[in-house]
Each structure stands twice: as structure tokens, then as C-alpha cells.
1. Taking the conditions exactly as written (on the phi < 0 side of the Ramachandran plot and in contact (Cβ under 8 Å) with a residue 40 or more places away in the chain), does Ala213 satisfy them or not?
2. Could you tell me whether region 155-176 includes any residue that is free of Cβ contacts under 8 Å to residues at least 12 places away in the same chain, over 23 Å from Glu284 (Cα atoms) and either of a type in the set (Ser, Thr, Tyr) or within 12 Å of ligand 2 (Cβ to nearest atom) (or both)?
3. Which ones in region 555-566 are buried (at least 17 other Cβ atoms within 10 Å of the Cβ) and within 14 Å of Arg435 (Cα to Cα)?
4. Taking the criterion of being within 30 Å of Asn484 (Cα to Cα) and free of Cβ contacts under 8 Å to residues at least 12 places away in the same chain, would at least one residue in region 425-436 satisfy it?
5. Scan region 193-207 residue by residue and report those that are within 16 Å of ligand 2 (Cβ to nearest atom) and either closer than 17 Å to Asp302 by Cα or in a loop (DSSP other than H, G, I, E, B) (or both).
6. Tell me whether region 322-343 contains one or more residues that are within 22 Å of the chain's Cα centre (by Cα), closer than 30 Å to Thr494 by Cβ and not in a loop (DSSP other than H, G, I, E, B).
7. Can you confirm whether Arg135 is in a strand (DSSP E or B), away from ligand 1 (no atom under 15 Å from the Cβ) and either modelled with pLDDT under 90 or surrounded by fewer than 16 Cβ atoms within 10 Å (Cβ to Cβ) (or both)?
8. Which count do you get for residues in region 149-162 that are in a strand (DSSP E or B) and surrounded by 17 or more Cβ atoms within 10 Å (Cβ to Cβ)?
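The values are calculated or read from the model by the stated rules, or taken from the named source; none is laboratory data. Note that the coordinates shown come from a computational prediction; the quantities given were computed from them, not determined experimentally. Methodologically, a virtual Cβ is constructed for each residue, glycine included, from the backbone with ideal geometry; neighbour enumeration extends over all protein chains shown.
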Amino acid sequence: MNTPGPEGPGGAEPIASRGLGILRDAVAHLRDEAASAGLTLDVPGVADARAARAALVDQIDDYLLPRLSSLDAPLLAVVGGSTGAGKSTLVNSLVGDVVSRAGVLRPTTSAPVLVHHPGDAPWFADQRILPGLGRVTGAVPAEAPQDPSSVRLVDSARMARGLAILDAPDIDSVVTRNRDLAGQLLAAADMWIFVTTAARYADAVPWDLLRQAAERGTSVAIVLDRVPSEAIGEIRAHLGQMLQQQGLGQAPVFSIAESALDPRGILPDDQIGPLRDWLRALAEDAEERAAVVRQTLTGALDALETRAGALATSVEDQHNAAAALLSEVDRAYHDALDQVARDVSDGTLLRGEVLARWQEFVGTGELFKQVESTVSRLRDRLTSFVRGRRDEPEPLGEALQTGASAMVTAQAQRAAATAARAWRTSPGGAAVLERHPDLARSAPDLDTRVERLVRDWQAGIFDMVRTEGKDRRAAAKGLAYGVNGLGLALMLVTFASTGGITGAEVGIAGGSAVLAQKILEAIFGDETVRRLAAKARENLVRGVRELFDAEALRYRRALEDAMTDAGQAARLREAASAVKAAR
Ligand SMILES: Nc1nc2c(ncn2[C@@H]2O[C@H](COP(=O)(O)OP(=O)(O)OP(=O)(O)O)[C@@H](O)[C@H]2O)c(=O)[nH]1
Ligand SMILES: [Mg+2]
């Protein structure tokens with residue numbers, strides 16, 4: 001990865017650079033962890049977190065890794081500032097030639113122009129720095145549109161070897177692309193040449209950036225441009241105070257008086273001279289240049305821990321938000337299942353159609369009376385009752401099927417609506433719902449699946465009765481023919497098997513269930529009836545639970561890309577600690 005430039009080291013790797021290699025690897029690892037930090041949920045503040053992630057990854061790619069790979073690469077000074085401050089004019093004046101277009105329309109520069117000594121060309125021609133941007137060469141065409149995805153490389157013998165300047169787009173125009181690119185370019189700099197004007201040196205945006213530079217310890221030089229000659233002393237003093245207050249008291253300041261430009265748009269030599277000479281001296285002083293590089297590098301490395309920590313916190317926010325969304329879903333389906341468990345046992349289902357079909361099924365009131373008088377004398381009649389019904393279509397079974405299915409479906413719908421309602425108001429949930437509008441309802445095939453579930457459950461009940469009947473041949477003569485009737489009776493008992501069946505609430509339904517129970521007890525005994533009813537209820541609730549789990553899984557799937565693994569935040573912090581340790 002070590003790019004041997006014209007001044008690059010050759011031969012065997014010295015011990016010091018081996019240590020640097022470890023640091024570089026640690027930074028590269030942090031970069032990969034940061035790049036994979038999951039920030040997919042639209043929780044509050046996620047836009048900032050994504051921008052911070054991009055800025056961190058970019059700075060590592062654009063600046064830290066290349067700088068750690070080749071400490072002796074030329075120093076890159078990036079010219080930044082507000083639109084119209086005179087950045088391009090300044091760069092042209094430093095070079096003594098028009099290398100970047102200056103203009104009256106704001107903003108003018110939208111693509112970076114990097115000017116270097118011809119001998120330094122190999123350092124910039126490849127993707128060593130700013131690997132995300134392409135490369136174009138040659139002077140900027142007068143009219144052709146600029147390409148913000150490329151760096152224009154211009155070589156000039158007027159540049160000192162070892163120091164390159166980059167003219168950046170403005171930091172504060174309405175063009176987002178310009179602002180973002182300017183931020184990325186400044187983050188790739190060994191040094192900022194920050195241009196402001198007498199009219200605008202107290203603007204907020206530049207100071208936000210300057211404060212950040214101060215915090216990170218970035219090397220900064222300030223150019224106070226277009227100052228009316230008579231006010232130079234006063235403005236310079238005020239700016240000096242502001243720099244002091246923001247922790248940039250050490251930054252050199254170059255004042256340039258408002259002056260007429262030459263026909264090419266270049267500043268008079270007496271105005272640009274001091275800055276040009278300072279840069280040239282810096283370029284020629286290897287030690288001083290290394291000090292500037294080290295200062296910015298150290299600051300950028302120092303900042304990694306805080307930045308990685310902030311990103312880790314954002315990742316945790318995501319994780320927590322996703323977990324909260326899932327727990328809303330789990331709660332909704334859990335509540336719905338609870339309700340199903342109550343509804344299948346408290347008589348709720350023994351109303352209307354089911355009740356009418358039951359009465360019809362049992363036939364005459366006579367039978368009820370007899371059942372109530374003595375159970376033992378009834379056995380024959382019961383047998384004939386169930387036998388007589390065995391081949392006929394089963395409206396009671398259908399009514400039970402319909403009633404139970406409708407109840408389960410309604411609870412599933414309610415859970416889906418509840419989950420969706422919760423997501424609409426929970427952090428990150430609304431956007432996921434927008435992408436998956438189907439989550440506001442149950443799955444489209446839910447009805448079919450519920451019907452199948454209840455049918456299978458009914459079949460299971462008939463099986464239970466059949467098995468039980470085989471074991472009690474003596475007590476239930478002719479039972480082979482009565483499976484259907486006894487199965488239906490068992491369903492009825494199941495649906496009314498909690499305490500309240502005799503209460504006013506369930507009324508006739510409860511009474512009917514008592515009759516069903518008596519019939520069953522006459523044949524199987526009360527212990528067995530209780531056991532069968534409990535098992536039937538369990539089977540139904542288990543089936544519904546599986547069905548609801550499948551419903552809830554749809555929400556889980558929708559969150560899959562947001563479910564960053566729990567260790568991600570910790571890995572980010574560890575990667576940052578490893579960088580610290582490697583230093
Ligand atoms: N008279 C005079 N005009 C200047 C000076 N500096 C810049 N200008 C003019 O001001 C306008 C803006 O200058 P630019 O150099 O394009 O400004 P910039 O900072 O590169 O602007 P953006 O690329 O939009 O960010 C141009 O018309 C320049 O000719 C100066 O010192 N004196
Ligand atoms: Mg410009």
C-alpha cells in the first residue's frame with residue numbers, strides 16, 4: 001500500500017515504519033467497522049449520524065490512510081471559504097496563471113482543482129488520496145461544465161516541490177453538493193488556507209468549520225481578503241481577537257487589500273507576495289513541513305476515538321429503536337393470543353349461530369330433560385342420537401368452524417393494526433411502515449390459514465374422541481358411530497370450560513354446554529372430559545400461537561436490515577481503542 005513517490009522511501013522497511021504499519025492497519029480496521037455501521041432506521045438524528053459516518057470514512061480514506069502510508073508525500077493545502085471570497089482568484093494569483101476559473105456568478109467553483117509541481121505529479125495522479133474522486137488533467141476549460149466527481153490536476157513549475165494547493169468549492173452555498181465536497185476536501189487537507197473577506201469574516205458557517213479545525217488541531221492559515229486599505233489595521237485586530245477566542249490564536253493571518261486585478265484576474269504581486277513566500281518557505285523547509293503534517297495528522301487521529309464513540313452510540317440507538325419496535329409487535333400479538341385463549345374458553349363463541357345449530361343438533365327439549373334426569377338411562381338414546389347424525393352435513397360443525405375462525409382472524413387483524421399504530425409513532429417505525437404498507441394488515445392469506453388451522457383442530461378433536469372411545473368399549477357401545485356428535489359436544493365444552501359457564505353472561509349457551517358436558521361425562525367419565533377439553537383448548541391455542549408467530553415474523557423481516565448485530569457498537573469502540581493503542 002506504500003506508494004513510493006519521487007521522494008518516497010525505497011528499500012527495506014525501517015522499524016519505525018513497521019509501527020506505522022500497525023497503526024495504519026488499525027485505522028483501516030476502524031474504517032471498515034465505521035463503513036458497516038448500520039444506520040438504516042430513520043430515528044431522530046439519523047441524518048446527522050449518517051453524515052458523520054460518511055465524513056469519518058471519507059477522512060480515513062482520503063487523508064489518514066494515505067498520510068500514514070506515505071508520511072513524506074507532498075503537503076496538501078486546501079483553500080476553503082465562502083462563495084465569492086476570492087479563493088479561485090487567490091489560487092490563480094499564487095500560481096501566477098489562471099488554473100481555476102473565477103467568476104461573478106455564485107457559486108463559481110464546483111469541482112476541485114489541485115495545482116502541484118510537475119515533479120510531484122505521481123503523488124496525485126493515482127488514487128492515493130481522495131480515492132473516491134476521478135482525475136482529469138490540464139487547464140480548466142473556459143466554458144465546459146465542471147465535473148465535481150473528479151479532481152483536476154494542474155502542474156505548474158511556479159509551485160514549489162513538496163507542497164500542493166487545492167482550490168475547493170465553497171463551504172456555504174445553496175448547492176449541497178458543493179458544501180459536502182468542500183467539507184470532504186478540507187478533511188483531506190494537511191493544512192487549510194481559509195479565505196474570508198472584510199465583509200464576511202464574522203459569518204457563522206466559516207466559524208463553525210474553523211472551530212472544528214481548532215478542536216481537531218488542524219493546521220490553519222487565514223487569508224483576510226479584499227480589505228479596504230484604510231481599515232486593514234482595525235479589521236485585522238478584530239479578526240485576531242476572534243481567532244484567539246476560538247483557539248486559533250496561533251494561526252498565521254495574511255491580509256490582502258482590495259485591489260484591482262490584472263486582466264487575467266490575478267492579484268498584484270505586492271498583495272499575494274507574503275502568502276506565496278510563506279508557502280514557498282514552508283515547502284522548502286522539510287522539518288517545518290513535517291511539523292505541519294504531524295499536527296494535522298495527530299489531531300485527526302486524536303479525534304477518531306470521539307467520532308467512533310459517537311457513531312457507536314448512534315448504532316446503539318438504532319439497535320434500541322429496532323428492539324423497541326419489535327417489542328411493540330410482540331406485545332400486540334401476545335395480547336391478541338391472550339384474548340384468543342380467553343375467547344376459546346369463556347363461552348364467547350357459544351352465541352348466535354353456534355347456539356342455534358347446537359339446539360337444532362340436539363333436537364328436542366325432551367332429550368335435554370332426560371339427560372338432566374338420569375345419565376345412565378340415557379346411554380342408549382345418546383348412542384342413537386349420535387349414530388343417527390353421522391352421515392348428515394354438519395351445520396353445527398360449520399358454525400363452530402366459522403365462529404372460531406372469525407374470532408382468531410379478528411384478533412390477528414387487531415394485533416396487526418395495533419402494531420402498525422405503535423410503529424407510526426415510535427422512532428424509526430413510520431418509515432419502515434411506509435416501505436412495507438402491508439404491515440398495517442394481516443398477511444393476505446391469513447383467512448385461509450386460520451380456516452385450515454381450525455379445520456385441522458376439529459379433525460384432531462374427532463381423533464381424540466375416537467381414540468378415547470376405543471379405550472372404553474364397554475362404556476360406549478356403538479361409539480364408532482358417534483364420533484362426530486361427541487366431538488362436537490367436546491368442542492362445545494371446550495369453548496365453555498372456564499368457571500363462568502353458568503353465569504348470566506353466557507346464559508343459554510352455558511346451559512347447552514352443561515348438557516354437552518353431561519353427555520360426554522356419561523360416556524367418558526368427568527375426569528376424562530376435563531382432560532380432553534383442556535387438551536383441545538391447548539391444541540387450539542398452540543396452533544394460533546404458531547400462526548401469530550408467523551404473522552409477527554413479517555415485521556421482524558421488515559426490520560432485518562435494521563437489525564445491526566448487537567456487537568457492532570462494541571466493535572467500533574474496540575477498533576478505536578486499537579488505534580489508540582497502536583499509537
Ligand atoms: N477587485 C477584486 N476582485 C476580486 C478579488 N478577489 C476576487 N475578486 C472577484 O470576485 C469574484 C469572486 O472571486 P472567486 O475567486 O471566483 O471567488 P471564489 O471564492 O472562488 O468563489 P466560489 O468559487 O464561488 O466559491 C470574481 O469575480 C473575482 O474576480 C480582489 O481581490 N479584487
Ligand atoms: Mg472558486
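1. No; evaluated as a whole, the condition is false for this residue.
2. Scanning region 155-176 turns up at least one residue that is free of Cβ contacts under 8 Å to residues at least 12 places away in the same chain, over 23 Å from Glu284 (Cα atoms) and either of a type in the set (Ser, Thr, Tyr) or within 12 Å of ligand 2 (Cβ to nearest atom) (or both).
3. Tyr555, Ala558, Leu559, Ala562
4. First pass over region 425-436, keeping only residues within 30 Å of Asn484 (Cα to Cα): none.
Checked region 425-436: no residue is within 30 Å of Asn484 (Cα to Cα) and free of Cβ contacts under 8 Å to residues at least 12 places away in the same chain.
5. If the condition is that a residue be within 16 Å of ligand 2 (Cβ to nearest atom) and either closer than 17 Å to Asp302 by Cα or in a loop (DSSP other than H, G, I, E, B) (or both), then Arg200 is the only one that fits.
6. Yes, the conditions are met somewhere in region 322-343.
7. On the way: in a strand (DSSP E or B): yes; away from ligand 1 (no atom under 15 Å from the Cβ): yes; either modelled with pLDDT under 90 or surrounded by fewer than 16 Cβ atoms within 10 Å (Cβ to Cβ) (or both): yes.
Here the answer is yes, as Arg135 does meet what is asked.
8. Of region 149-162, the ones in a strand (DSSP E or B) are 150-155.
If we keep only those that are surrounded by 17 or more Cβ atoms within 10 Å (Cβ to Cβ) as well, we get 151-155.
Selection size over region 149-162: 5.
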